1. Being in the same structural domain as B:Gly117 (by TED's automatic domain parsing), at pLDDT below 95, buried (at least 19 other Cβ atoms within 10 Å of the Cβ) and out of contact with any Asp or Glu (no Cβ under 8 Å at 6 or more places or on another chain) is the requirement here; does B:Leu94 meet it?
2. Out of the range A:45-63, which residues are surrounded by 23 or more Cβ atoms within 10 Å (Cβ to Cβ) and under 14 Å from A:Val209 (Cα atoms)?
3. Could you list, in sequence order, the residues of the range B:27-38 that are surrounded by 18 or more Cβ atoms within 10 Å (Cβ to Cβ) and either at the interface with chain A (Cβ under 7 Å from one of its Cβ atoms) or modelled with pLDDT of 95 or more (or both)?
4. Exactly one of these conditions fails for A:Val157: (1) within 14 Å of chain B (Cβ to nearest Cβ); (2) within 30 Å of A:Gly10 (Cβ to Cβ); (3) at pLDDT below 80. Give me its number.
5. Checking the structure you have, find out if any residue of the range A:456-471 is under 26 Å from the mean Cα position of the chain (by Cα) and farther than 30 Å from A:Thr31 by Cα.
6. Among A:Thr320, A:Thr328, A:Thr358, which is the only one that is closer than 30 Å to A:Met100 by Cα and hydroxyl-bearing (Ser, Thr, Tyr)?
7. Of the numbered conditions (1) assigned to a loop (DSSP other than H, G, I, E, B); (2) modelled with pLDDT under 90; (3) not aliphatic (A, V, I, L, M), B:Pro12 fails exactly one; give the number of that condition.
Amino acid sequence: MSALDNIILGFQVCLTPMNLLWCFVGCLGGTLVGVLPGLGPQAAIALLLPATFYLPPVSAIIMLAGIYYGSMYGGSTTSILVNIPGEAASIITCLDGHQMAKQGRAGPALGISAFGSFIAGTFGIFLLAIVARPISEFALRFGPPEYFSLMCLALMVLTNLTSAPLSKSLISALLGLFLGTVGYDIFTGYPRFTLGLTCIMDRIGLIPVIMGLFGVTEVLMNVEQGLKQTLSDKKIDHLLPNKEEWKRSAMPIARGTIIGSILGILPGGGVVMSSMTSYAVERRLSKHPERFGKGAIEGVAGPETANNAASQCGFIPLFTLGIPANVTTAILLGALMLFGLQPGPMLIKNNPDLFWGTVASMYVGNGMLLILNLPLIGIWVRVLLIPYTLLFPLILLFCLVGVYIPNNSVDELWLMIFFGVVGYIFQKIQIPLAPLTLAMVIGRVFENAFRQSLLLSQGSLMIFFQRPISGTLMSIAILLLVLGSIPQLWGIREKLRT
Amino acid sequence: MEGFVRTREVIPSIAWIILGVMICLGSTSMRLGSLSSPGPGLFPFIIGCVMILVSISQAIVYAFKKSETGHFWQNREGVKGVIIVLVLLSFYALALMHLGFSLCTFLFFVAILKTLGRKSWNYALSTALIVSFFSYMVFAVWLKINLPKGPLGI
């Protein structure tokens, strides 16, 4: 089938009334949770994941994808109106977006962010349609060593991208890999590190961990700090950018689309990097860089487009290689596994309806966000006015019910509380949660690839370097490790010198 | 709080070293196998070893780092809030099977709104009642989720 046939198949799947409905529900729910201060896409998906358990896999993934980009959009709304980034990718939007809101230009800021996202989404769907099949066919040549090296690379990219020092990111990733080993060993059936607890006998459930790390932790941090909301009180009277604003945004949107698409494909987390890079590029290319940080629409259009392009292209490694590009797609990977699907090169071949349906739904969903969210801005502003004292018990209630539902297990509530405390302490000692989550999700596959490779090579670790693809990936991973260590080693050298 | 950052970094590093050692010991109690025939303990053993190495390097890096000042806790009120949330979450997990979903949710909300929200009894009781009623309707009646029933039968 040609790329066009695939896109048509995707739209046939996506445009059924039920799938359209779930796409809509996902976009709306995602935006709603994304708008709530302090809750990013990860928490949004975690909170709404249990709602998808009763759906067929295609509808469920369409809804989850809707929650993903819906919450990304909702996150930028919060950044612009309240100056609180929903997640790291929206930090940059705060700089100029909130300044625009303070100047009474919140409407165009929100508008350009939605249009930019839609344009990036349009480009993203074609890119997905064109490159997904060749990548997945190429990935069919991957054996366990290639997968192991690719996952090493993904972890290395992610650990290098977090703002924490490399050693902390590595510890976080190692903890995640360790947590992934808890439960029965797949090869021998031996129970590992279960401490006799039945709730983790099979493996540590992804939902209590995510709810704990991203839901409970966020609430604990916010309760401790007390949210200082600076909601822009300027009336939002017009949402469409004017001719001048369009003119200034056109090139940033085009560049943001390209930057986001390229960086988004990188396994390991291109979303944050793409918005930061886009902002830096726009500032450098601008004839008036001094306007940045004071309400320049280019500073909103570029990064918002780039992070949407990156988040959409993040689905490429997820669907074609089974490797999540960032934490949110890691959670989606976990969700796919919960539905009994194994993302990877065979997914497109075995479940073309799921893959192309989801891809088409992203396009439709972006259109829905564009049409719906602009008139709904008034509602989102009201949502932002809900006092946090009422909001956070509701978030906790969602977490509690969401964790309890899948297995009717109170033990999993304890697990969630435990990981909430762990996440809180990690935030305090500045250990990033993203590598832990990613590593935990891919932990089992990672270990299997490692053990199978060793069996193949009869115990030689050189198998990871001798095969061309694996060797290349592993070399890049090692290079990243070395490059990431330099700042810390440099610190010691300087200290010794002084 | 001079030296706060150094302490904040070195103590966790020691904790990671201890955890790494525990993982290694736990792994060796399983079959480690060999590189050509890996047992269930080999992979976690390697993780434990790498964790020890990374933690030692982190401890060294921070031992050389310039001391900075700071506070682990933001303020006394904030810490109190965190503890209250954790106690109430634990209460929910403990009481859910005994009191049932609706009563548990009601009490959870009343307690949070009174302690952290500092709302009046009228506000706390009425909000808790509305939330527990609607959440019961959504989860138990509409979505037909089997939630624990308490002495009230809901």
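1. Values: in the same structural domain as B:Gly117 (by TED's automatic domain parsing): yes; at pLDDT below 95: yes; buried (at least 19 other Cβ atoms within 10 Å of the Cβ): no; out of contact with any Asp or Glu (no Cβ under 8 Å at 6 or more places or on another chain): yes.
So B:Leu94 fails the test.
2. A:Ile45, A:Ala46, A:Leu47, A:Leu49
3. Answer for the range B:27-38, where residues must be surrounded by 18 or more Cβ atoms within 10 Å (Cβ to Cβ) and either at the interface with chain A (Cβ under 7 Å from one of its Cβ atoms) or modelled with pLDDT of 95 or more (or both): B:Met30, B:Pro38.
4. Result: A:Val157 passes all but (1).
5. If we filter the range A:456-471 for residues that are under 26 Å from the mean Cα position of the chain (by Cα), which is where we start, we get A:470.
In the following step, the residues that additionally are farther than 30 Å from A:Thr31 by Cα were identified as A:470.
Yes, the range A:456-471 has at least one match.
6. Among A:Thr320, A:Thr328, A:Thr358, only A:Thr328 is closer than 30 Å to A:Met100 by Cα and hydroxyl-bearing (Ser, Thr, Tyr).
7. Going through the list (1) assigned to a loop (DSSP other than H, G, I, E, B); (2) modelled with pLDDT under 90; (3) not aliphatic (A, V, I, L, M), B:Pro12 breaks only (1).
Yes/no per residue for (1) in a helix (DSSP H, G or I); (2) within 9 Å of another protein chain (Cβ to nearest Cβ); (3) buried (at least 21 other Cβ atoms within 10 Å of the Cβ); (4) at pLDDT 85 or above:
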site	(1), (2), (3), (4)
A:Leu396	yes, yes, yes, yes
A:Leu413	yes, yes, yes, yes
A:Gly420	yes, yes, yes, yes
A:Gln427	yes, no, no, yes
A:Leu436	yes, no, yes, yes
A:Phe446	yes, yes, yes, yes
A:Leu455	yes, yes, no, yes
A:Thr472	yes, no, no, yes
A:Leu481	yes, no, no, yes
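The values are calculated or read from the model by the stated rules, or taken from the named source; none is laboratory data. Being a predicted model, the structure only gives us computed values, none of them experimental. Reconstructed Cβ throughout: ideal geometry from the backbone, glycine too, with neighbour counts over all protein chains shown.
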